[in-house]
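The values are calculated or read from the model by the stated rules, or taken from the named source; none is laboratory data. Model, not experiment: these values are computed from the prediction. Glycine gets a Cβ as well: all are built from the backbone with ideal geometry, and neighbour counts include every protein chain shown. What goes into the accessible areas is simple: the full protein's heavy atoms, side chains included, and nothing from ligands, DNA or RNA. Shrake-Rupley method; radii C 1.70, N 1.55, O 1.52, S 1.80 Å.
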Protein chains: 2
Amino acid sequence: MTTARPTEFRSLDVFRQSIQELPGPDSSTAHAARTRDAQLTKPPGALGRLEELAIWLAAWQRRHPPTLERPLALVFAGNHGVVAQGVSAYPGEVTAQMVANFKAGGAAINQLCTAYGARLEVIALELDRPTADFTQAPAMSESECAVALSIGWSALAPDADLLIAGEMGIGNTTSAAALAAALFGGTAAEWVGRGTGVDDAGLRRKTAAVDSALKLHGAALADPLEALRRVGGRELAAITGAVAAARHRHVPVILDGFVATAAAAVLQRLDRAGLDHCIAGHVSAELSHARLLRHLGMRPLLDLGMRLGEASGAALALGILRGALATHTGMASFSEAGVSGKT
Amino acid sequence: MTTARPTEFRSLDVFRQSIQELPGPDSSTAHAARTRDAQLTKPPGALGRLEELAIWLAAWQRRHPPTLERPLALVFAGNHGVVAQGVSAYPGEVTAQMVANFKAGGAAINQLCTAYGARLEVIALELDRPTADFTQAPAMSESECAVALSIGWSALAPDADLLIAGEMGIGNTTSAAALAAALFGGTAAEWVGRGTGVDDAGLRRKTAAVDSALKLHGAALADPLEALRRVGGRELAAITGAVAAARHRHVPVILDGFVATAAAAVLQRLDRAGLDHCIAGHVSAELSHARLLRHLGMRPLLDLGMRLGEASGAALALGILRGALATHTGMASFSEAGVSGKT
C-alpha cells in the first residue's frame, strides 16, 4: 500500500500541460503484428477480436512481438462526502474494510490477479478524510485533486507492460454519474444506477444528489479537469493520472467498469485521442456504463453482468488478452506447418 | 492421437438407449455453492455470470467446491464428401494438415489449451475415407455413425472434470447447416454461412448443397440420430458421443462454435434436457450459430467474433471459468474479512 505523496503536479494546469502532446501507436510494430497474423494457420480473421487485441498490444507497446510479462493492476480507494446524502447501500467504513481485505488477499481482484497473472497494488487515498459532499461544495480543492492525479501517475511501475486500473469507494458510482453527466451532458436520471444495489428510495436520493451537484457547479463543469475536481473523488483522479501516465510510457490500458471509465473519460474530453491506448475490458451491469462506452465509441470485450469495480472486469479481459497473445506468438504459420492456403 | 475403435454402440439404437435416463444436477452441491456465494465480500450478484458459472460447475460436477484440475479439450477431425460440391474455401487435404499442426503444437487450440490449462487430445477419424457426399447419399452408414459416436464417448478421459469439444473438418459448416436445418427446421439459406470464408459463388454452392440434402433425405431427417448419420460427419457424431458421455460421468461441458453446437444439439432434440450440463462458451461470427443458440435457449458467455472451431471459443470460455472458480473458492466471506454488510 502506497501512501507517499509525489508532487509531479503542483496544479491542475501542470497536469493539463503534461498531456498536451500524447504519443501515438507505432505503425511499424502494428504492421509487423498484422503481417504475422496473416500468416498464422487459420482462415483470415477467424480469431476475431483476438487478432485485433494482439495488433493493438503491439501498436501501443511499440514492440513486436508484444509481451504480457508484467501486467499491473492498480486499485485506488477513496471516500466520498456525498455518502451523507444516503446514496449507497453500504456504510462508508466499508471502503477501509475492503482495503484491508485487498491487503489480506481476500477480495475478488486478488483471486483474478492470481488467475490471470497480474501484480496487484492497492493504493488507499486518505480514507479518513473523505472528499467534501459535492452537493454542497467542490469535492476536492485544486491541491487535493492535483495530489490524487500525481499519486495515480506515480503508481504506474516503470516495468509494467499493461495497466488495469480499478477503484473501491463507497459512494463512487454517484460521483461517476455526476462526472459522466458533466463530461457528456444528459440528466442525472440518465446516468444514475443502482451501484452496489440501492433500493428505489436510495436511487431517488442518488439522482437528487447528482441533480443538485449539476445545478450547484453549473458552468464550471465544462472544463473536464474542473469537473473531476468538483464532482469526482480521489480514487477517480488517481485513475485519470495513471491512465495518462500509461499513455506517456507506452503502456496499453484495459479499462474496468463505470467508475474507472468515467475517470479515464476526462482524458478523452481533454483530447479526443486521449484514450486511444485503452480498450474497454467489459461492460458493466450498471447501465450507465454502456451509455458511457457509446459516448467514447468503445466496444467492450466482455459482457458478463458484472458490477463490482476493483478492476475485476478488466482482470477478466486480461485473461482473454492472454489468449490473444498466446495465439499470436505461438501459432505456426501456413508455411511452417505445411498447411495449404485458400483454393 | 487415438485411432482405436471402441465398440460401445453396435447400432444407433444402442446409443439411443444409453441416453434414455440422464442424470441431473446435484441440488445439494448447487445449494452449497449458492450459500457460499452469498457470503463472499461483494454486493450480491456483483460478479454477474461468474457467480452462475461457479454454481453450474458445482451442480453438474456434483461436488462443492467444484474443481478445474483436469479440463480436457477433445478435437475431432473428419473429412466430408460434400466438399466435391465446392462448398469450402480450402481444399480437403487441409483437414489432415491441420491435424499434423495440432500434433506439432502449432494451432490456435494448442496455445489456448496451454494458456488456460487444458489437456488437448486430437482424434482423427478416418481422414483418408471421407463421408459420402450427402447431396447424393447418406453421409455415413449406420455402423460408421455408431463407431464415431463410440469413439467420442470413449474419448472422455475418466478423470476429466470439464470437457470442451471441438472439431476440424473442411466442409463441415455445410454439414452443420444441413444438420441444424434438419433438427430445427428452416431453409438452407437460413443456416448456411461463409464458414472459413467462401465467396458469394461458394455461398451459393453451399446453400444449393444443403437444399439438395434436405430434399434428398426428406422425412428421414425427423429422427435426430438419423439426421446426424445422413447429413452429419464423423467428427460431429464423435462430439455428440463425447457430450453424452460427459452427462453420464457428471462432467460439465463448454460448447464451442456452430459445428460443435449443431452436433451437441442432436442430444437436445432427443431429450429436451439433454444439454442441461452444457453452456455455450461463445457465439461465433458464423451467424447461424446465434440462431442455433436461440433455438437451444442458450446465452453465450463470449462474443469475440471468432469462427475458427477447434474448440477455440470454448477454450477462451474456460479462461473465464477459471476466474469464476478462483473467486468462488478464494474470496473471503464478510465475516472472515470483517467487512460490514448492507445498511
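Quick notes
- Cα-based convex hull volume of the protein assembly as shown per residue, rounded to whole Å³: 140 Å³
- The distance from the alpha carbon centre of region B:316-339 to that of region A:262-282 is 29 Å, rounded to a whole number.
- Cα long-axis angle, helix B:312-330 against chain B (0 to 90 degrees, to the nearest 10): 10 degrees
- For A:Lys103, the lysines whose Cα falls under 28 Å of its own Cα, not counting residues fewer than eight places away in the same chain, are B:Lys42, B:Lys342.
- Cα shape, region B:1-146, gyration tensor, a/c 1.5 rule: prolate
- Taking B:Gly166, B:Gly274, B:Gly313 as the candidate residues, the one with maximal mean-square fluctuation in a Gaussian network model of chain B, Cα springs under 10 Å, is B:Gly274.
- Working from the Cα coordinates of chain B, the gyration tensor eigenvalues give, after taking √(5λ), semi-axes of 36, 20, 19 Å in decreasing order.
- The rotation axis taking chain A to chain B passes closest to this chain A residue's Cβ, listed with the gap in Å: A:Gly319, 2.
- In the assembled protein chains, A:Arg230 presents an accessible area of approximately 50 Å² (probe radius 1.4 Å).
- Ordered from highest to lowest accessible area with the whole protein assembly present and a 1.4 Å probe, A:Arg294, B:Arg129 read as A:Arg294, B:Arg129.
- Degrees, to the nearest 10: B:172-184 long Cα axis against longest axis of chain B: 80 degrees
- Sorted from shortest to longest, the distances between the A:Lys103 label points of this copy and the other copies are 5.7 nm, with each point 7 Å from Cα along the line through the beta carbon.
- Between helix A:234-248 and chain A there is an angle of about 30 degrees, using the helix long axis and the longest principal axis of the Cα atoms.
- Here is how far apart the B:Ser27 label points are across copies: 6.5 nm, shortest first, using a point 7 Å from Cα toward Cβ.
- Part-to-part distance (alpha-carbon centres) for region B:71-89 and region B:32-67, which is given in Å: 37 Å
- Put a dot 7 Å past the Cα of B:Thr35, heading toward its Cβ, do the same for A:Glu93, and the two dots end up 2.9 nm apart.
- The simple spin-label model puts a point 7 Å past each Cα toward its Cβ; for A:Ser333 and A:Ser11 those points are separated by 5.5 nm.
- Anisotropy class of region B:209-343 from Cα gyration tensor, a/c 1.5 cut: prolate
- FRET efficiency, 1/(1 + (r/R0)^6) with R0 51 Å, evaluated for A:Thr67 and A:Asp128 via beta carbons: 0.85
- Karplus-derived HN-Hα couplings along region A:90-104 (A = 6.51, B = -1.76, C = 1.60, θ = phi - 60°), whole Hz, x at Gly and Pro: 10, x, x, 5, 5, 4, 5, 5, 6, 4, 4, 5, 4, 4, 7
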